[in-house]
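What follows is a set of notes on a single structure, which appears directly below.
The values are calculated or read from the model by the stated rules, or taken from the named source; none is laboratory data. Bear in mind the structure is a predicted one, so any value in this text is a computation, not a measurement. Because the Cβ atoms are built from the backbone with ideal geometry, glycine has one as well, and the counts that use them run over all protein chains shown. In case anyone asks, the SASA skips ligands and DNA or RNA and just uses the protein heavy atoms, side chains included. Shrake-Rupley method; radii C 1.70, N 1.55, O 1.52, S 1.80 Å.
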Amino acid sequence: MDQTRARELQEKLALEAAAMLSLAGSGAETAPYEQAVSLIGKAWRLTAEETSEQLALIEQEKAVMGRIENGESAEHIRQELLLNWSGLESIEVLEGLFETSTLLETAPERRSLFDMAMLLIETQNLLDWIEKTDAEKEKLIQNFT
């Protein structure tokens, strides 16, 4: 991974946090996403401005959701917020998080990125993209009957 991919990883996480705000409202917990964006910037030595730009996207969506919740008119920061990632995109993000964690100095920082990866595994439904073998399909059928 390089700085360009690190910037893309930051943006993906910022937009995922914005999507979560769109679904759950302005009170949704975005701290793990914000922490991950900051740690990616630190690990890959991105400029403070680059990291701040991504964090600002999250703050903008919080403000939009606050206005919407108050009955005001507002548009989301991007229209495609609620599009799920493909299986390949999910894997690339997970790989990026794990690679980034190897560049961090402290266990709590590495753990933060691990926790982010685990959250994304749940929210991105990675298993939905995995093709099951016939034996796995049969086992699923047996478990539901």
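Descriptive notes on the structure:
- The chain, Rg to Rh (Cα coordinates; Rh as Kirkwood inverse mean 1/r): 1.05
- Relative contact order of the stretch 3-143, pairs being alpha-carbon contacts under 8 Å that are 6 or more residues apart, as %: 25
- Annotation: aspartates and glutamates with alpha-carbon distance below 14 angstrom to Lys62 (same-chain offsets under eight excluded): Glu16, Glu29, Glu34, Glu72, Glu75.
- Label point distance in nm, Glu136-Ala48, each placed 7 Å from Cα along Cα→Cβ: 4.7
- Probe 1.4 Å, accessible area per residue of the stretch 1-138, Å²: 58
- Measuring with a 1.4 angstrom probe and ignoring ligands and nucleic acids, Ser73 comes out at about 120 Å² accessible.
- The distance between label points at Ile91 and Asn125 comes to 1.9 nm (points 7 Å beyond Cα on the Cα→Cβ vector).
- Apportionment of accessible area to carbon and sulfur, the stretch 1-111, percent (1.4 Å): 50
- Kyte-Doolittle mean at least -0.5, axial Cα span of 30 Å or more - DSSP H helices of the chain: 3-24, 48-69
- Relative to one another, the C-alpha centroids of the stretch 74-145 and the stretch 1-58 are positioned 16 Å apart.
- Spin-label model distance (nm) - Met1 vs Glu72, 7 Å beyond Cα toward Cβ: 3.6
- Assigned charges on the beta-carbon of Lys, Arg, Asp, Glu; the chain dipole about Cα centre (debye): 220
- In the stretch 1-72, Rg over Rh equals 1.04, where Rg is the alpha-carbon radius of gyration and Rh the Kirkwood radius from pairwise Cα distances.
- Exposure rank, largest accessible area first [Ile130, Ile58, Ile68; 1.4 Å]: Ile130, Ile68, Ile58
- Solvent-accessible surface ranking, highest first, for Trp129, Trp85 at 1.4 angstrom: Trp129, Trp85
- Accessible area of Arg67 in the full protein assembly, 1.4 Å probe (Å², nearest 10): 90
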